[in-house]
Amino acid sequence: MFTGIIEATGQLKAIRQRGGDISVTISSEQLDFSDVKPGDSIASNGVCLTVTRLGQHSFDADVSAETLALTLFAQYQTGQVINLEKAMLPTTRMGGHIVSGHVDGVTSVVKIEQSGRAWQVWLALPKQLAHYIAHKGSVTVDGISLTVNELTKDAFRLTIVPHTAAHTTIAQFKPGTVVHLEVDIIARYLERLLNKDNAASSGGVSMALLAQRGFL
């Protein structure tokens with residue numbers, strides 16, 4: 001699990017074909033690897049990757065065919081700059097929100113507007129994920145935990161403060177940039193609980209019960 005608070009950026013240094021999937025090397029002189037070991041997870045542009053080998057300032061990971069089909073890794077080239085976050089610890093400050101590192105889909109930047117020292121970034125709202133995204137709710141964009149500040153039927157707006165722009169890949173965004181999107185994990189589980197086909201295993205959870213308990 002992750003928090004969506006980016007620790008460093010890195011660079012995709014190598015891509016190796018492995019008979020239907022790939023292995024990659026990602027390097028970063030900013031990320032502290034002293035507490036990382038093979039088998040640990042590192043979110044890379046929001047994709048949970050398992051470390052298979054460690055270098056002094058780098059790590060190797062396998063990217064499965066499933067991950068290639070659902071993310072942008074199949075399109076990445078060497079030199080791609082990537083947001084990095086090590087898996088959270090029990091003592092980690094929850095500065096963002098609960099992030100699984102399992103990408104739900106991709107979307108694209110529609111427009112970017114300056115507002116004081118901040119940037120207003122509009123992203124297209126994928127129809128299949130629209131019901132998970134709420135005004136003032138949380139989303140993960142390329143691994144970054146962000147708040148939805150405005151929502152229309154076709155797009156949603158994120159406010160990017162200078163610190164976030166300076167320490168992530170957001171400074172490179174422009175209209176047309178395609179990014180990974182992960183919705184709030186709580187919304188996904190809530191939908192599962194409310195799915196009438198799973199009522200027998202939902203423990204009696206219903207819309208009426210949620211309203212009674214103040215969740216709606």
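Odds and ends about this structure:
- Selection status of V103, part of a strand (DSSP E or B) and either over 26 Å from T67 (Cα atoms) or in contact (Cβ under 8 Å) with a residue 60 or more places away in the chain (or both): no
- Check on K86, farther than 19 Å from V99 by Cα and of a type in the set (K, R): no
- Only residues that are more than 14 Å from I112 (Cα to Cα) and in a strand (DSSP E or B) were counted across the range 168-181, and they come to 3.
- Screening the candidates V51, V24, V36 for the property of being part of a loop (DSSP other than H, G, I, E, B) and among the hydrophobic types (A, V, I, L, M, F, W, C) yields one hit, V36.
- Taking the listed residues G95, G116, the one that is out of contact with any strand residue (DSSP E or B) (no Cβ under 6 Å at 6 or more places or on another chain), without any contact (Cβ under 8 Å) to a residue 12 or more places away in the chain and not β-branched (V, I, T) is G116, with no other qualifying.
- Criterion applied to G96, G46, G79 was being at pLDDT 95 or above, under 15 Å from the mean Cα position of the chain (by Cα) and under 30 Å from G176 (Cβ atoms), and the one residue passing it is G46.
- A single member of A165, A134, A130 is within 17 Å of the chain's Cα centre (by Cα), assigned to a helix (DSSP H, G or I) and over 29 Å from Q11 (Cβ atoms), and it is A130.
- The set of residues in the range 137-156 that are more than 20 Å from G95 (Cα to Cα) and in a strand (DSSP E or B) comprises E150, L151, A155, F156.
- Within the range 112-125, restricting attention to residues that are more than 28 Å from Q11 (Cβ to Cβ) and not in a strand (DSSP E or B), the residue that is modelled with the lowest pLDDT is G116.
- Some residue of the range 91-103 being touching a Gly at 6+ places or on another chain (Cβ under 8 Å) and hydroxyl-bearing (S, T, Y): no
The values are calculated or read from the model by the stated rules, or taken from the named source; none is laboratory data. The shown structure was predicted, so the numbers you read here are calculated from the model rather than taken from an experiment. Methodologically, a virtual Cβ is constructed for each residue, glycine included, from the backbone with ideal geometry; neighbour enumeration extends over all protein chains shown.
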